[in-house]
Structure formats: C-alpha cells, structure tokens
Amino acid sequence: MKQYEPDRLTPAEVAAARRSFRKSRSATTRRSVLRASAGGALAIGGLGALSGCGIPAAGKTQGGVSADDHSAKEKEIDFSNWPEYIDTDESGKHRPTLDAFTKRTGIKVKYTEDINDNDEFFGKIQPQLAAGQSTGRDLIVLTDWLAARMIRLGYVQKLDASNLPHAYANLSDQFRSPDWDPGRAYSYVWQGISTVIAYNKKALDGVEVKSISDLLDNPKLKGRVGFLTEMRDSVGMTMLDMGKDPAKFTTDDYDAVIARLQKAVDKGQIRRFTGNDYTSDLTKGDFAACVAWGGDIVQLQSDNPDVGYVIPESGYMTSTDNLLIPNKARHKTNAERLIDYYYEPEPAAELAAYVNYVSPVADVKPYLAKIDKTAANNPLILPDKAMAAKSHAFRSLSSKEETSYQQKFAKLTGA
C-alpha cells in the first residue's frame, strides 16, 4: 500500500530522535526522557505511523469515537503515563494522590508507566485507533504536538465539561486555549515544560548571559554553548530573540532562524545539539550556557549551586504534556473524574512538589507552600504573572511544514 510520505521520518530525523541521554536519577524520569523532535515524527524503529492504507493525513477533526461507558458499573481506570511523572512514596509502591482518589471515589486506577517516547507510543496504539478498536486505555499523556495530531485525526474523545468543574475553573490562563485545541475541548494539561537559558556560573567566569544573542554571538563562549535537538525549543527561542512570534511565523522567518543558527555552527560557537545529555555537559562546565528545560534545572540546582538560569527579555518557550481520552475508552466518565481531581489545588500541589515541572493549576501556590516553600517560590514550577506573560507556544504545523522544517533542522544539527 502506498504510504503517506509527508509524515514519514527521514533517516536524519530518526537519528535526531534517538540521541541518548546519560546516567543520573533524572535519566529515567519524564523530566529527562528525550522528547521526540520534529513534532510530526511518528515512526521510530520500524513503527509505521500514518503509513497504513486509508490512514488520513492530519486534517480537520471529525471528533472522537465513543464506546459504551462502563464507568457506573466498573469502578476503574486504565491510565498510561511517562516514568516518574507522578508523586510516589519512599517505597516506590504507592502514589499518594492516586491512593487518595481511590479512597474518595472507590475508583481503582491501573497506572502504567509505558510511555517512553511520543513516537514509539503512537506507533503502539495507532493501528488500534485506525481500526476503530479500543487501545485498552482510558487516559493517556502526550506532548502537545502529538496531542494536536491525535485530535486532528479524530483519535480522541471530546470531553464532557459537566464532569470537569475544577479543571475548567482552575486551569491557568497560560494554557487555556492552544491553537490546536481551542478552549480545551479534547485535552487538559498534565504539566507544563518551560524552555530557558541555563548556565554554569563557574564556567562563565564572569561572562554575562542574558539572551540567545549572547549564546550565539559572544566570542568568549565559543565552543561552550549548547542547543537542544528539540526543534521547537531551539528554533522558538532563537525566533523570539530575533523579534519573531513563534505562534505566527512564516517559512521565511523559519529559514532566517536556521540561517542564524547555521552561522553559529559554522564558526564553532555552538558546541553541539543535545537531548537531555546537556545536563551532564552543564554540570561539568563543558557548556558554559545552553538552552535547557526548566524542570531539569530545578533538579540540577539541588545538587550544584553553580547552575543557574535566565529568562530572556524576549521571552521563553512553553510546551505541555496533556491528558487525553482515546477513542473507545471503556471508562470515559471515570477518566474525566480523575482529570478533574488533579485540578483541585491539594492534589495539584502534591504532584507539583514531586515532578518539579510547571503546574497548570492556578492559585495552587499556598497549597504547595505547605508542602515545599522553596518549590512554591520557584518560578520554574509556578511562574508569576510577569514570567507567564513572557511565555510563548510554537504554532501548529501542517504535515508539509513538519517534514520540511524538520529536514532543515536535522541538516543544521548534523543528525
């Protein structure tokens, strides 16, 4: 059968998405799993995505497909998430917030940490979704670009707002209406991911870093700068530095960013493009400064006082991991009740205290402060209004754009 070519990965894209990451506690956690680059990369290791006969390209959604909802009689939920992306007790056997949910509602949660890569997981569930079959899951967590594609393909169900009063009321304004799911009809945020500039104070040795321009142009940092293999983060941060809006850019704007980054590569300013292995380079001082993910920095700072971060005046990039209910889910109402539960301030605070990424729940600060005052005052976990105002999201891409843009980025990074 003829494959739909624009959504296939080039060999360079596959190589970029397979970059390894190094040891440490965070090497096995969601906060450090290599987020799949390309935003449309849907096939790794032979997993064909959008490649079967009759599988449509991303387009206007027709809405998800429901199944008979057995929630009333079957008090259970099958929940798939990333490793180490929920609060866990010291034994590692219990998840306090889930335990509390079960105690309150009687709904048992079968919690599975079986999402290690967006592409890989999509390849696992896509044949069932394409065939109109159940995935055996009621709730899944996917990064925004893949969540957008799932919605456009009609692979997830529209949420019942009547089951989500806390989610509707408490969702932070920062995350309320992405262009790929206006008004959050199909998804709610699990956690936000901020992209910032990180630095090693000792390695900087007095050099000031305030912007992406400093990383790209200051000769004192030559060969000691890192950028990410995640296209949306590296391109988005550079785009902001150039006065462009990542939510509204043109192909000419994108090409101008690639040209600027290429110039820095050619003159040896950028040491390399990395996945999460930048954390090792940063702590050792091989990188004096780099583009980094906020949750990683929170963790690194607890062990290394030389690690710091900067929010550029031009702004920073934010992405999200999102809760969705796939087609044919057997316990849709139960899943919606769990989504809503995590938008209550108390469980939201417990979750934020553990995972250290951006909580999507407004006004959670006093609840988090009772658990961890340091975390409650950390803008990488709870952005204040001034920081949130500098947040920018990368716009949705068409299939053609995804392929073209990632090919250009892969050539830049040498993937």
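Using Cα-Cα distances under 8 Å and only pairs 6 or more residues apart, what relative contact order does the range 58-157 have, in percent? All intermediate terms of the calculation are to be shown ahead of the outcome.
Details: 111 pairs, mean separation 47.7, N = 100.
48 percent.
Please work out the ratio of the alpha-carbon Rg of the range 148-257 to 2.2 N^0.38 Å and round it to two decimals.
Cα Rg divided by the expected 2.2 N^0.38 Å: 1.44.
For the range 266-364, compute Rh as the Kirkwood radius over C-alpha pairs and then the Stokes-Einstein diffusion coefficient at 4 °C and 1.567 mPa s; write the answer in µm²/s, rounded to an integer.
78 µm²/s
Count charges around THR112 for me, please; just the other residues with Cβ under 10 Å from its Cβ, Lys/Arg as +1, Asp/Glu as -1.
-1
When we measure straight from the Cα of LYS93, which lysines land under 23 angstrom away, once same-chain ones fewer than 8 places off are left out?
LYS23, LYS75, LYS103, LYS108, LYS110
In vacuum, with every alpha carbon of the range 170-221 counted as one equal point scatterer, what does the Debye formula give for log10 I(q)/I(0) at q = 0.25 Å⁻¹? Two decimals, please.
With no solvent term, the Cα-only Debye profile gives -0.95.
How charged is the neighbourhood of MET242? Take every other residue with its Cβ under 9 Å from the Cβ of MET242, and add Lys/Arg as +1 and Asp/Glu as -1.
It works out to a net charge of 0.
Can you pick out the pairs among LYS201/LYS390; LYS202/LYS373; LYS73/LYS328; LYS284/LYS390; LYS158/LYS390 whose Cα atoms lie more than 21 Å from each other?
Details: LYS201/LYS390 24 Å; LYS202/LYS373 27 Å; LYS73/LYS328 17 Å; LYS284/LYS390 30 Å; LYS158/LYS390 30 Å.
Going by Cα-Cα distance, LYS201/LYS390; LYS202/LYS373; LYS284/LYS390; LYS158/LYS390 fall outside the 21 Å limit.
Carbon and sulfur together cover what percent of the accessible area of the range 70-198 at a 1.4 Å probe radius?
47 percent
Consider a paramagnetic label point 7 Å from the Cα of ALA247 along Cα→Cβ; state which residues of the range 196-232 have an amide N under 18 Å from it.
232
Straight-line reach from LYS220: which aspartates and glutamates fall under 18 Å, measuring Cα to Cα and dropping same-chain residues less than 8 apart?
ASP205, GLU208, ASP266, ASP281, ASP286
What is the distance in Å between the Cα centres of the range 216-243 and the range 269-289?
One Cα centre to the other: 12 Å.
Can you list the GluC sites (Glu not before Pro) in the range 62-133 that are in a DSSP coil and have 12 or fewer other beta carbons within 10 angstrom?
Passing both the DSSP loop test and the Cβ count: GLU90.
Count neighbours as other Cβ atoms within 10 Å of each site's Cβ, and list the trypsin sites (Lys or Arg not before Pro) in the range 103-168 that are DSSP loop with at most 16 such neighbours. Spell out each step's value before the answer.
Details: sites: LYS103, ARG104, LYS108, LYS110, LYS124, ARG137, ARG149, ARG152, LYS158; in loops: ARG137, LYS158.
Of the trypsin sites (Lys or Arg not before Pro), the ones in loops of the range 103-168 whose Cβ has at most 16 other Cβ atoms within 10 Å are LYS158.
Run through the range 270-358 and list the GluC sites (Glu not before Pro) located in a DSSP loop whose Cβ has at most 16 other Cβ atoms within 10 Å. Display every interim value, and only then the final one.
Details: sites: GLU313, GLU336, GLU350; in loops: GLU313.
Loop-located and lightly packed - GLU313.
Given the Cα atoms of the range 333-415, and with Rh set as the inverse mean 1/r over their pairs in the Kirkwood sense, what is Rg to Rh to two decimals?
Rounded to two decimals, Rg/Rh equals 1.17.
Per residue, how large is the accessible surface of the range 108-206? Use a 1.4 angstrom probe and give square angstrom.
For the range 108-206, the solvent-accessible area averages 37 Å² per residue.
Using amide H atoms built in the peptide plane, which far-off residues or other-chain residues are under 5 Å from LYS108 H to H?
Answer set, sorted by chain and number: GLU76, ILE77.
The values are calculated or read from the model by the stated rules, or taken from the named source; none is laboratory data. Model, not experiment: these values are computed from the prediction. Glycine gets a Cβ as well: all are built from the backbone with ideal geometry, and neighbour counts include every protein chain shown. Protein only, heavy atoms only, side chains kept; ligands, DNA and RNA dropped before computing areas. Shrake-Rupley method; radii C 1.70, N 1.55, O 1.52, S 1.80 Å.
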